[in-house]
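Colleague: My questions will all concern the structure given below.
The values are calculated or read from the model by the stated rules, or taken from the named source; none is laboratory data. Note that the coordinates shown come from a computational prediction; the quantities given were computed from them, not determined experimentally. Cβ atoms come from the backbone with ideal geometry, glycine included; neighbour counts cover every protein chain shown.
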Amino acid sequence: LGGKPRGFLIFCPIFAYIVCLGMQKINSRYLQYGVIVVTMGWIALGASNLLLRQGTAKGLVNEHPEEIVKFITEKAGGKCAVIFTSSPGLTYVINKAAKNQKWSVCSVYSDHIHRVPKASILHKCAPDMVFIIKTYVKERKQRQDEVTAEVEKTMLASEKTYLCLDEDLKYKRMVPGVKTVTQHLPEYRYEIIFGPAKPGIDWDRIAQFFDWDWLQHRKDVSM
């Protein structure tokens, strides 16, 4: 029925009406029961996928940002931290968690709910830890890599880990006709680079790199 809610809302009633008309043409009661059982199983499978956030057509639905929050909480250990991301979903989730932590979130996206503008760091304290959370950004991957390299320079030493394995990746790569697209999909949804922060960093300058419009203008001028 498609990967978008509007597709479900539009097509599901039409599909249900067609099925009901077809059911009236079936004379065998056992065949009718069979169709009902298959339909109920289909609905149950779809409901479980939504509840468990797996196997859906929307990649953002399959993500588990709570894993990121747990990881940062463990690694930051109550210290002051600055977190960089280019994911709108993570921007909201981490800002929500940051209300009870000494965290500052710098994102490509503004978070109007928590009143955090894009490409800015609302300092609560001098950062002790730096976290970069990379997600799949399609055609902006090169730009994300450039920004990541700049942020990584603010760390005394860096470590890397991966979270949220994409268990459906092998099936996506089997779909005929889309191999050129799926071959670029990462095995894990989150790549995290983290480490202790260097002293004396101009964080406002670093935050400016997350205004990708400014970054593109900067590159155009330098050319």
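Colleague: Here is a list of conditions, (1) at pLDDT below 80; (2) exposed (fewer than 14 other Cβ atoms within 10 Å of the Cβ); (3) under 30 Å from Ile133 (Cβ atoms), and Asn62 meets all of them except one; can you say which number that is?
Modeller: For Asn62, the exception is condition (2).
Colleague: Let me ask you something else. When you scan region 188-196, do you find a residue that is within 29 Å of Glu159 (Cβ to Cβ), in contact with a Pro (Cβ under 9 Å, 6 or more places away or on another chain), modelled with pLDDT of 90 or more and among the β-branched types (Val, Ile, Thr), even just one?
Modeller: no
Colleague: Which is surrounded by 10 or more Cβ atoms within 10 Å (Cβ to Cβ) and modelled with pLDDT under 65, of Leu50, Leu9? Walk me through how you get there before you give the answer.
Modeller: Working: Leu9 fails: modelled with pLDDT under 65.
Unique residue meeting the criteria: Leu50.
One line per residue, one yes/no per condition, for (1) in contact (Cβ under 8 Å) with a residue 24 or more places away in the chain; (2) assigned to a loop (DSSP other than H, G, I, E, B); (3) in contact with a helix residue (DSSP H, G or I) (Cβ under 6 Å, 6 or more places away or on another chain):
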position	(1), (2), (3)
Val82	yes, no, no
Asn100	no, yes, no
His114	no, yes, yes
Lys118	yes, yes, no
Lys124	yes, yes, no
Ile132	yes, no, yes
Tyr136	yes, yes, no
Glu146	yes, no, no
Ala149	no, no, no
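Colleague: I'm trying to understand the selection: among the residues of region 72-94, which are within 15 Å of the chain's Cα centre (by Cα) and surrounded by fewer than 21 Cβ atoms within 10 Å (Cβ to Cβ)?
Modeller: Across region 72-94, the qualifying residues are Pro88, Gly89, Tyr92, Val93.
Colleague: For Ser104, only one of the following conditions fails: (1) modelled with pLDDT under 90; (2) not in a helix (DSSP H, G or I). What is its number?
Modeller: Of the numbered conditions (1) modelled with pLDDT under 90; (2) not in a helix (DSSP H, G or I), the odd one out for Ser104 is (1).
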